[in-house]
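Written below as structure tokens is the structure these notes are about.
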Amino acid sequence: MTLKGTVHKYSKDNIDTDVILPGPYLKIHDHAELSKHAMEGIDTNFSKKVSKGDFLLAGNNFGCGSSREHAPIALSHCGINAVIAPSFARIFYRNCVDGGYLLPLEVEKSTLEQISDKDSLEIDIEKNEIHDVSNGKKFLIRPFPPLIKKIIDCGGLMYYKE
């Protein structure tokens, strides 16, 4: 599977779920409406900048804070296909995978410095590789553990069968 999109870079560490989707919007059940508030705690125009299939590039421990599923739902429904970061809060990572919302792709910290905002990327999930089309560089993605890969391939935990 190859994904193509544009990078939206917010490389600060410890971006929490209150920033990804601020608390006042947790009562919204319409995913399209919820998506309008994605990343509003850090960039009020984020959802207007994103196109379907784009990528979010973030720092360490992305998605820390509460266990709300609203955060990955809002990101995926505004168009983000994958979040690329050196590490994720475990509950956010599992919410992404289990819900089939978006891919949490782990990379080396040095990768953040070499990819710029608005770069075009091609991501080959099978080869665990990111190709930055804008600068010609290639980066490795940490492979998914086998069980996580199976869940992703099924489209989420609801569709997973052993």
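Rule-based calculations on the coordinates, nothing more; no lab input. Note that the coordinates shown come from a computational prediction; the quantities given were computed from them, not determined experimentally. Counting neighbours? That spans all protein chains shown, and the Cβs are built from the backbone with ideal geometry, glycine included.
Here are a few things to note about the model shown:
- Simple spin-label estimate for residue 126 and residue 51 in nanometres, 7 Å along Cα-Cβ: 2.6
- Counting Lys and Arg as +1 and Asp and Glu as -1 over every other residue whose Cβ lies under 15 Å from the Cβ of residue 70, the net charge comes to -3.
- For the residue pairs 4/48; 49/161; 49/149; 27/52; 4/109; 12/138, alpha carbon separations beyond 28 Å are given by 49/161; 49/149.
- What the phi angles of the stretch 123-140 give under the Karplus curve with 6.51, -1.76 and 1.60, with θ = phi - 60°, is a coupling list of 10, 9, 5, 5, 8, 6, 9, 10, 10, 7, 5, 5, 10, x, 7, 10, 9, 8 Hz, glycine and proline written as x.
- Beta bridges per DSSP, both residues in the chain: antiparallel share near 45 percent.
- About its Cα centre, the dipole of the chain is roughly 80 debye, where the only charges are +1 on Lys and Arg Cβ and -1 on Asp and Glu Cβ.
- Under 19 Å from the Cα of residue 150 - aspartates and glutamates, other chains or at least 8 residues apart: 98, 106, 124, 126, 129, 162
- Relative contact order [Cα under 8 Å, 6+ residues apart], the chain, whole percent: 24
- Euclidean distance between Cα centres, the stretch 5-63 to the stretch 130-148, Å: 21
- Applying 1/(1 + (r/R0)^6) with r as the Cβ-Cβ distance of residue 90 and residue 31 and R0 = 41 angstrom yields a FRET efficiency of 0.95.
- Per-residue ellipticity at 222 nm, computed for the chain from helices alone with -39500 (n - 2.57) per DSSP H run of at least four residues, works out to -7000 deg cm²/dmol.
- Restricting the calculation to alpha carbons of the stretch 53-126 gives Rg and Dmax of 11.7, 31 angstrom.
- Modelled FRET efficiency - R0 22 Å, residue 13 with residue 157, Cβ distances, 0.05 increments: 0.20
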